[in-house]
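Trainee: My structure is below; once you've seen it, I'll send some questions.
The values are calculated or read from the model by the stated rules, or taken from the named source; none is laboratory data. Quantities reported herein were computed from a predicted structural model and do not represent experimental measurements. Virtual Cβ from ideal backbone geometry, glycine too; neighbours counted across all protein chains shown.
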Amino acid sequence: FTDGGLLYYRTDLLEKYGFDGPPQTWDELEQMAQTIQDGERAEGNQDFWGFVWQGAPYEGLTCDALEWIYSSGGGTIVSPDKVITINNPAAAEALDRAYGWIGKITPPGVTSFMEEESRRVWHGGNAAFMRNWPYAYGLSQGEDSAVKDKFDVTSLPGKEPGMSAATLGGWQVGVSKYSRNPEAAVKLALWLASEEEQKAQALSPSSLIPTKIALYSDPDIAEQRPFMPRLLPVFTSAVARPSTATAPKYNETSNIFFSNVFEVLTGRMSGADAVATIELDLQELLGFEVGAP
């Protein structure tokens with residue numbers, strides 16, 4: 001199964017406040033989020049926020065921050081040809097922008113939010129926009145959801161229209177060489193990756209994204225998960241984290257990255273200082289050259 005970051009948005013609230021469609025740029029998102037937040041709070045919902053996402057210091061923050069940076073022209077931290085590219089003005093500006101959301105259109109507690117914390121705010125009807133993975137779609141359509149039939153999903157914004165970025169995610173199935181019954185394990189792996197099972201998982205509450213392209217034309221998926229065929233280009237062009245270029249030290253690379261991004265989000269470091277620190281730490285860890293994205 002594949003995966004990619006998406007923007008969830010309240011269709012009812014965009015219509016209520018006179019917006020024709022979801023934002024294509026970060027500037028538009030900020031303006032829409034502020035307008036809707038101000039309006040909902042004026043009507044009595046003081047718990048309402050414009051935009052929720054994942055800001056805790058963990059791998060999810062690497063995913064979110066990579067989207068901010070890449071969609072602003074700041075590159076992918078480390079390029080596929082093993083050049084450290086993070087230290088550039090576009091990357092610094094993207095981090096400073098995200099810090100500016102906190103306490104304004106994003107709750108201060110976002111620096112402790114993983115996927116489920118942000119989804120709960122959204123699920124309760126207390127956010128206009130949410131960055132999350134496709135799994136949240138089926139849950140948001142649950143009978144206990146305050147946003148059931150009141151939302152849609154689209155590609156994330158960019159600094160300019162057309163600069164959207166979705167971090168690539170996904171799940172793979174393999175068989176351990178230590179398996180005591182490798183033939184049965186291979187059969188199970190093949191079944192889990194089959195078109196039949198991928199369709200079942202796409203239609204499950206988890207809304208897992210299939211890798212079988214034929215399923216994007218399946219009528220059941222088109223009816224029950226209409227965002228999947230519409231956003232196929234998002235999933236096929238998602239931005240990979242630099243795991244291949246930095247292997248076998250990706251975990252350390254990501255930890256350096258999200259730890260310094262977290263310092264920006266908590267007001268202890270500027271974006272410019274953070275990207276410079278990340279560059280130095282990655283040079284020491286990886287021994288790669290530095291360059292422009």
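Trainee: I'd like to know if the stretch 206-226 contains one or more residues that are assigned to a loop (DSSP other than H, G, I, E, B), touching a residue at least 12 places away in the same chain (Cβ under 8 Å), farther than 28 Å from D38 by Cβ and among the acidic types (D, E).
Mentor: Scanning the stretch 206-226, I find at least one residue that is assigned to a loop (DSSP other than H, G, I, E, B), touching a residue at least 12 places away in the same chain (Cβ under 8 Å), farther than 28 Å from D38 by Cβ and among the acidic types (D, E), so the answer is yes.
Trainee: Can you name the residue in the stretch 15-26 that is free of Cβ contacts under 8 Å to residues at least 24 places away in the same chain and part of a helix (DSSP H, G or I) and, of all such residues, is surrounded by the fewest Cβ atoms within 10 Å (Cβ to Cβ)?
Mentor: Selected residue: E15.
Trainee: Only residues that are without any contact (Cβ under 8 Å) to a residue 60 or more places away in the chain and either closer than 17 Å to V83 by Cα or of a type in the set (D, E) (or both): list them for the stretch 228-250, please.
Mentor: S243, A247, P248, K249, Y250
Trainee: Still on this structure, please answer the following. Name the one entry in L7, L61, L14 that is of a type in the set (A, V, I, L, M, F, W, C) and touching a Ser or Thr at 6+ places or on another chain (Cβ under 8 Å). Walk me through it before giving the result.
Mentor: On the way: L61 fails: touching a Ser or Thr at 6+ places or on another chain (Cβ under 8 Å); L14 fails: touching a Ser or Thr at 6+ places or on another chain (Cβ under 8 Å).
None of the other options fit; the residue is L7.
Trainee: Can you pull out every residue in the stretch 267-293 that is touching a residue at least 24 places away in the same chain (Cβ under 8 Å), closer than 13 Å to D96 by Cβ and either touching a Gly at 6+ places or on another chain (Cβ under 9 Å) or outside any helix (DSSP H, G or I) (or both)?
Mentor: G267, S270, V275, listed by residue number.
Trainee: Also: Residues of the stretch 59-74 being in a loop (DSSP other than H, G, I, E, B) and touching a helix residue (DSSP H, G or I) at 6+ places or on another chain (Cβ under 7 Å), which ones? Let's see the steps before the verdict.
Mentor: Restricting attention to the stretch 59-74, the residues satisfying the condition of being in a loop (DSSP other than H, G, I, E, B) are 71-74.
Answer for the stretch 59-74, where residues must be in a loop (DSSP other than H, G, I, E, B) and touching a helix residue (DSSP H, G or I) at 6+ places or on another chain (Cβ under 7 Å): S72, G73, G74.
Trainee: If you don't mind, there's one more thing I want to ask. Filter the stretch 154-183 for residues that are of a type in the set (D, E, K, R) and surrounded by 14 or more Cβ atoms within 10 Å (Cβ to Cβ) and give the result.
Mentor: K159, E160
Trainee: Confirm whether S207 is of a type outside the set (K, R), under 30 Å from S112 (Cβ atoms) and buried (at least 21 other Cβ atoms within 10 Å of the Cβ).
Mentor: Spelling it out, S207 is indeed of a type outside the set (K, R), under 30 Å from S112 (Cβ atoms) and buried (at least 21 other Cβ atoms within 10 Å of the Cβ).
Trainee: Of everything in the stretch 32-58 that's among the polar types (S, T, N, Q) and either modelled with pLDDT under 95 or outside any loop (DSSP other than H, G, I, E, B) (or both), which residue is surrounded by the most Cβ atoms within 10 Å (Cβ to Cβ)?
Mentor: Q37
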